1. With unit charges on the beta carbon (Lys/Arg positive, Asp/Glu negative), name the residue among MET15, VAL25, LEU45 whose Cα is farthest towards the positive pole of the charge dipole of the stretch 5-94.
2. Which of rounded, prolate, oblate describes the stretch 5-94, given a ≥ b ≥ c as roots of the alpha-carbon gyration tensor eigenvalues and a/c under 1.5 marking rounded, otherwise prolate only if a/b is larger than b/c?
3. Only Cα pairs under 8 Å and at least 6 apart count here; give the relative contact order of the stretch 1-64 as a rounded whole percent.
4. Run down the aspartates and glutamates and flag those whose C-alpha is under 20 Å from the C-alpha of LYS51, throwing out any fewer than 8 positions away in its chain.
5. Note the full-extension length gain between THR9 and PHE121 as 0.36 nm times their separation in residues minus their Cα-Cα distance, in nm to one decimal.
Amino acid sequence: MKSPISRFTVSGNSMYPTLKEGQDVLSINWFVNPKVGDIIVLKYLGRELIKRIEKIEGEHVFVVGDNHDESTDSRHFGSINIDNIVGKVVYGPNDIPCTNCDSPVIGIYGRKDAICQNCGFKLSCCGEP
Ligand SMILES: [Zn+2]
């Protein structure tokens, strides 16, 4: 089973100014309902890309980078199947939802275990503190 939360380092400027090159973000990998406006990590040709969902077309999503001039995205390679979505990007400690109850879980970044104070669910994360 894949980890509920993982860490990615932003590469390139395709999501500028929302995300900057070299910035670390976390992704929640258990979310199941992609929505228009969500920023997601997706797999494309063996690489992981970070893009924003612009349209949902059944089992496919059309994704674009916020920096339209410097992004290679669905405008070039078309919509992607939702199976290629790795996770949803969150980038503030208060934005990390419990994968069980959706309450914010503070202080999970860089820890192997954090406990949701609302429901007691244990979440594991990624990377070094
Ligand atoms: Zn919880």
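1. Looking along the dipole axis, the top candidate is VAL25.
2. Note, shape of the stretch 5-94 comes out oblate.
3. Across the stretch 1-64, relative contact order equals 24 percent.
4. Qualifying aspartates and glutamates at Cα under 20 Å: GLU21, ASP24, ASP38, GLU59, ASP66, ASP69, GLU70, ASP73, ASP83, ASP95.
5. My answer for the length gained is 37.7 nm.
Every number in this text was worked out from the coordinates using simple rules, so none of it is lab data. Predicted, not measured: the structure shown is a model, and the values here were computed from it. Because the Cβ atoms are built from the backbone with ideal geometry, glycine has one as well, and the counts that use them run over all protein chains shown.
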